[in-house]
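The values are calculated or read from the model by the stated rules, or taken from the named source; none is laboratory data. Quick caveat, the model's predicted, so the values are computed rather than measured. Positions of Cβ are backbone-derived with ideal geometry, glycine not excepted, and every protein chain shown enters the neighbour counts.
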Amino acid sequence: MNFRSSNLSKSRFVSGVQCSKKLYFDIYRKDLKPALTASQEALFNAGHDVGELAQTLFPNGKDATPINFYDFSLSIENTKKWIQSGEPTIYEAAFLHNGFLAALDILHHQNNELWAIEVKSSTSVKDYHITDASFQYWLMCKDGFTPDKFFLMHINSQFIKKGAINPKELFYLEDITEQVKNNLDWVETKAPELYKLYTDKTEPTIKIGTHCNSPFECDYKHHCWAHVPENSVFELSSARGKDWELYEEGIVELKDIPVDLVLNHRQQLQVNGAKTGVKYIDTASLKTFVDAVEYPLYFFDFETISTAIPFVDGTKPFQQLPFQYSLHVVNEQGLIEQHHEFLATPTDFVNITSKESDPRYQLIQQLKQQIGPKGNLVVYYSSFEINRFNELIAAFPEEKTLITDWINRCVDLIVPFKNAWYYLPAMGGSASIKDVLPAIAPEFSYSELEIQNGGDASEIYLSMIKNNFKGDAEKTKQNLLKYCERDTEGMVIIWNELLRVIKEK
């Protein structure tokens, strides 16, 4: 069978295309690779769910999935045997030729043609999809099983769930045969070049570059970028290539940027902050911003879930569904008068039998009782919350007047920081609340919380919906509430800081 552990797989080929040093580390320095995060694991699991549903479009196929992913011998043997015996469909068909290995999601015979089909949980064909498909096509040709057509099956972004999922409507089959054929000569050259790393066993000399983040941030960036200090040119706000120009000139730290370099206002503040530690506060602009609001203020934040395969009628793939919110009500003195919160019952999302049983409708009804007829809603990065409100209008059009009023009353707390009316060096080049808040209030922290970020909150809640959550459910629900409350509490702290500096002047 000529199967060996040193086969260059599709995933390693893609790694090598991004950076040959990344491939070297994949082979010889696995100790440098960080453990998978909860979000990464969830992404892999979601991809598996999409793959299984895609198979239903080509039912009753033979499954060549290996029992042990370190040994594809049986998968390769079965694939050849089933092709030769005329099996119409094979899942995870495996191919090996001269040390190159790849598995195909679906191999299917249709109208006397051999179709190669790769399944992706995205809504369009990406450049890196063409890269790995080109390797698969090249390898199948080398192994004697040239497909007549090569397809990439991806999610139809316009699909709207209505009852049971119809895979024919959820998936879109896109013919990429010509693209992969056009890459044959390139793969013919590139594959052996990358395979040499197995025999040379020499770490390639590759400088850091834009490839470190394209198409994804490299798993080994922490290692290759260890020499890059904090407050480097790569933290320059809206750099648009200026960071790499400076780096190539030997300028690594913000404080070393020449005084004659043309910078925009925010960039200049950042460089001044790195050189002298000076802060910048435009009191007049802050006062105009603060004076425009109407009290009481409702500091508001959604938490949401999103899946490739929608599970709520009327929703699209990857649509963000609110499952939780926190609401702090604040008076003109900056004092918190009330705190409200909402957390949907996870099972309600899969047991929607009426409008009243829909957690999103329940969320709206509770907000009605907690947001008064006057006063602004204060959010951070308003487009997110406003998009969610608009989706709620689409789901419950009878609530349009009320929710539109909430949208019109939204004030975006990111504005003073995005416009650099308030700048502290500790904010770096970011206006994100995750950078603004610790700069303003270093003592304010999420570190003692069990759940410390929105990504984990979403994945944990989604596991509860899917009924595969492991742990203390009631305690975890309290942890979700504590996390979301901390978000709006942090927004109140930021607001009060704006009030303080204005009053101070």
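Looking at (1) buried (at least 21 other Cβ atoms within 10 Å of the Cβ); (2) without any contact (Cβ under 8 Å) to a residue 40 or more places away in the chain; (3) not hydrophobic (A, V, I, L, M, F, W, C), can you tell me which one His108 breaks?
Result: His108 fails condition (2) only.
Would you point out which residue out of Ile206, Ile251, Ile257 is more than 28 Å from Glu497 (Cα to Cα), without any contact (Cβ under 8 Å) to a residue 24 or more places away in the chain and not charged (D, E, K, R)?
Details: Ile206 fails: without any contact (Cβ under 8 Å) to a residue 24 or more places away in the chain; Ile257 fails: without any contact (Cβ under 8 Å) to a residue 24 or more places away in the chain.
From the options Ile206, Ile251, Ile257, the qualifying one is Ile251.
Tell me whether the stretch 374-397 contains one or more residues that are polar (S, T, N, Q), modelled with pLDDT of 95 or more and touching a Leu at 6+ places or on another chain (Cβ under 8 Å).
Our first condition is that a residue be polar (S, T, N, Q); within the stretch 374-397, this holds for 376, 382-383, 387, 390.
So of that shortlist, the ones also modelled with pLDDT of 95 or more come out as 376, 382-383, 387, 390.
Those left that are additionally touching a Leu at 6+ places or on another chain (Cβ under 8 Å): 376.
Among the residues of the stretch 374-397, at least one is polar (S, T, N, Q), modelled with pLDDT of 95 or more and touching a Leu at 6+ places or on another chain (Cβ under 8 Å), which makes the answer yes.
Output the helices (runs of 4 or more DSSP H) that fall wholly within the stretch 89-187 and possess 2 or more residues being farther than 22 Å from Gln55 by Cβ and more than 31 Å from the chain's Cα centre (by Cα), or say none. Break it down into steps so the answer makes sense when it comes.
Values: elements: 127-142, 167-170, 177-182.
Filter on the stretch 89-187 gives 127-142.
With respect to Leu197, is the statement that it is outside any loop (DSSP other than H, G, I, E, B), free of Cβ contacts under 8 Å to residues at least 40 places away in the same chain, touching a Leu at 6+ places or on another chain (Cβ under 9 Å) and of a type outside the set (S, T, N, Q) true?
When the stated conditions are applied, Leu197 does not pass them.
Within the bounds of the stretch 25-45, is there any residue that is in a loop (DSSP other than H, G, I, E, B), surrounded by 14 or more Cβ atoms within 10 Å (Cβ to Cβ) and among the aromatic types (Phe, Trp, Tyr)?
no
Listed here are the residues, each with its yes/no results for (1) aromatic (Phe, Trp, Tyr); (2) at pLDDT 95 or above; (3) on the phi > 0 side of the Ramachandran plot.
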site: Ile106; (1), (2), (3): no, yes, no
site: Gln110; (1), (2), (3): no, no, no
site: Leu139; (1), (2), (3): no, yes, no
site: Phe145; (1), (2), (3): yes, yes, no
site: His154; (1), (2), (3): no, yes, no
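Having 3 or more residues that are touching a strand residue (DSSP E or B) at 6+ places or on another chain (Cβ under 8 Å) is the bar; report the helices (runs of 4 or more DSSP H) wholly within the stretch 328-408 that clear it.
Output list reads 359-370, 382-395.
Out of all the residues in the stretch 461-481, is one or more under 28 Å from Val293 (Cα atoms) and either assigned by TED's automatic domain parsing to the domain that holds Val350 or not in a loop (DSSP other than H, G, I, E, B) (or both)?
Within the stretch 461-481, one or more residues are under 28 Å from Val293 (Cα atoms) and either assigned by TED's automatic domain parsing to the domain that holds Val350 or not in a loop (DSSP other than H, G, I, E, B) (or both).
Can you tell me which of (1) buried (at least 18 other Cβ atoms within 10 Å of the Cβ); (2) at pLDDT below 95; (3) touching a Pro at 6+ places or on another chain (Cβ under 8 Å) is the one Tyr461 doesn't meet?
(2)
Of a type in the set (Gly, Ala, Ser), modelled with pLDDT under 95 and assigned by TED's automatic domain parsing to the domain that holds Leu104, is that true of Gly47?
yes
Tell me, which residue of the stretch 121-146 that is without any contact (Cβ under 8 Å) to a residue 40 or more places away in the chain and under 28 Å from Lys81 (Cβ atoms) is surrounded by the fewest Cβ atoms within 10 Å (Cβ to Cβ)?
Only one residue fits best here, namely Gly144.
Under 9 Å between Cβ atoms, at least 6 apart or on separate chains: pull out the pairs that start in the stretch 27-39 with a residue that is without any contact (Cβ under 8 Å) to a residue 40 or more places away in the chain and under 25 Å from Ile305 (Cα atoms) and end on any residue that is hydrophobic (A, V, I, L, M, F, W, C) and surrounded by fewer than 14 Cβ atoms within 10 Å (Cβ to Cβ).
Final answer for the pair search is Leu36/Phe44.
Which ranges mark the helices (runs of 4 or more DSSP H) fully within the stretch 203-311 that have 1 or more residues being over 29 Å from the mean Cα position of the chain (by Cα)? If you could, list the steps in order and put the result at the bottom.
Values: elements: 221-224, 242-248, 265-276, 283-291.
In the stretch 203-311, the matching helices (runs of 4 or more DSSP H) lie at 242-248, 265-276, 283-291.
Examine the stretch 344-365 for a residue that is at pLDDT below 95, of a type outside the set (Val, Ile, Thr) and surrounded by fewer than 13 Cβ atoms within 10 Å (Cβ to Cβ), and state whether such a residue exists.
Yes; the residues of the stretch 344-365 include at least one that is at pLDDT below 95, of a type outside the set (Val, Ile, Thr) and surrounded by fewer than 13 Cβ atoms within 10 Å (Cβ to Cβ).
Being surrounded by fewer than 20 Cβ atoms within 10 Å (Cβ to Cβ) and either closer than 30 Å to Ile281 by Cβ or modelled with pLDDT under 90 (or both) narrows it down to one of Asp435, Asp487, Asp456, Asp472, so name that one.
Selected residue: Asp435, the only one of Asp435, Asp487, Asp456, Asp472 that is surrounded by fewer than 20 Cβ atoms within 10 Å (Cβ to Cβ) and either closer than 30 Å to Ile281 by Cβ or modelled with pLDDT under 90 (or both).
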